[in-house]
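Colleague: Attaching a single structure in structure tokens format; questions to follow.
Just so it is clear, none of the values below were taken in a lab; they were calculated from the coordinates. None of the values given here were measured: they were computed from a predicted structure. Virtual Cβ from ideal backbone geometry, glycine too; neighbours counted across all protein chains shown.
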Amino acid sequence: MPFDWRSLLAQIGSTAVVVAAVAWVAKRAIDQWLDHRLEQHKRDLANTSDRALERLRHELRLEEVRHSRLLARQASIIAGVFARLERLHQALIALSVPILHQGGNGPQLRDAAIKRHGEFIDYYYERAIWLDKDTCNRLNDLLRLLEQLLTRLNYNLTPDGSIVDRQRWSATYDQIQEEVPKARGALDEHFRQLLGVSQT
């Protein structure tokens with residue numbers, strides 16, 4: 001009996017068709033499963049990314065609010081320091097002008113300057129923690145100068161308000177007129193820069 005090549009080829013062909021069909025179905029199933037997993041992974045990444053982005057936006061909004069409140073607080077303190085510093089400076093100027101002492105006004109001018117100094121100290125020291133280190137250093141330097149000048153004027157007045165040493169008084173007056181405006185100008189410009197209103 002001769003070997004039946006036709007039946008062998010038919011059987012191999014049908015097996016090949018079945019294997020090809022199974023392979024195609026398996027490939028399609030794997031592709032679908034991979035596509036589904038890829039889409040699910042994309043959705044998971046998008047959800048995670050959206051949540052992280054929303055969390056970061058929320059944190060940024062909170063930080064902006066904190067920063068805004070800090071700047072508002074600092075602006076209020078700077079305005080208060082500036083006003084009290086201006087009143088102290090004006091009181092020192094009034095105290096240093098000898099003509100204003102006529103009529104026995106010396107003790108009142110001295111008391112007014114000392115009072116303004118106390119008001120400035122009370123306000124500034126309680127709020128200095130809210131100001132940056134550079135601002136505090138500048139204020140402290142100016143405060144030391146003003147205290148030194150106030151002390152000189154105070155000790156150069158008798159209890160009735162007469163000037164003891166006119167030459168020393170004149171030197172102190174010159175310092176008030178020359179050194180204080182320079183220091184005040186630098187500090188005032190620094191304040192304006194902190195507040196964002198500087199022209200430079």
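Colleague: Gaussian network model of the chain, Cα springs within a sub-10 Å range: biggest mean-square fluctuation belongs to which of ALA128, ALA29, ALA171?
Modeller: The residue that fluctuates most here is ALA29.
Colleague: ³J(HN,Hα) across the range 177-194 via Karplus (A = 6.51, B = -1.76, C = 1.60, θ = phi - 60°), whole Hz, x for Gly/Pro?
Modeller: These are the phi-based 3J(HN,Hα) values: 7, 10, 6, 5, x, 5, 5, 5, x, 5, 5, 4, 5, 4, 4, 5, 5, 4 Hz.
Colleague: Per residue of the range 158-170, in order, report the coupling 6.51 cos²θ - 1.76 cosθ + 1.60 (Karplus, θ = phi - 60°) as ³J(HN,Hα) in whole Hz, putting x for Gly and Pro.
Modeller: 7, x, 8, x, 7, 7, 7, 10, 5, 5, 5, 4, 5
Colleague: Please list 3J(HN,Hα) in residue order for the range 94-105, calculated via the Karplus relation 6.51 cos²θ - 1.76 cosθ + 1.60 where θ = phi - 60°; whole Hz, with x for glycine and proline.
Modeller: Using θ = phi - 60°, the values come out as 4, 5, 7, 8, x, 5, 6, 7, 4, x, x, 7 Hz.
Colleague: Hey, which aspartates and glutamates would be in cross-link range of LYS133, C-alpha to C-alpha under 15 Å, not counting anything within fewer than 8 residues on its own chain?
Modeller: Within the straight-line cut-off, LYS133 pairs with ASP141.
Colleague: Between LYS182 and THR151, what is the FRET efficiency for a Förster distance of 22 Å, r being their Cβ-Cβ separation, to the nearest 0.05?
Modeller: Calculated transfer efficiency: 0.65.
Colleague: Another question about this same structure. Pick from GLN167, GLN11, GLN32: which is most flexible by mean-square fluctuation in a GNM of the chain where alpha carbon atoms under 10 Å apart are linked?
Modeller: Sorting by GNM fluctuation, first place goes to GLN11.
Colleague: Another question about this same structure. For the chain, modelled as a GNM with alpha-carbon contacts under 10 angstrom, which of ALA94, ALA26, ALA79 fluctuates the most?
Modeller: Taking springs between Cα atoms under 10 Å, the residue moving most is ALA26.
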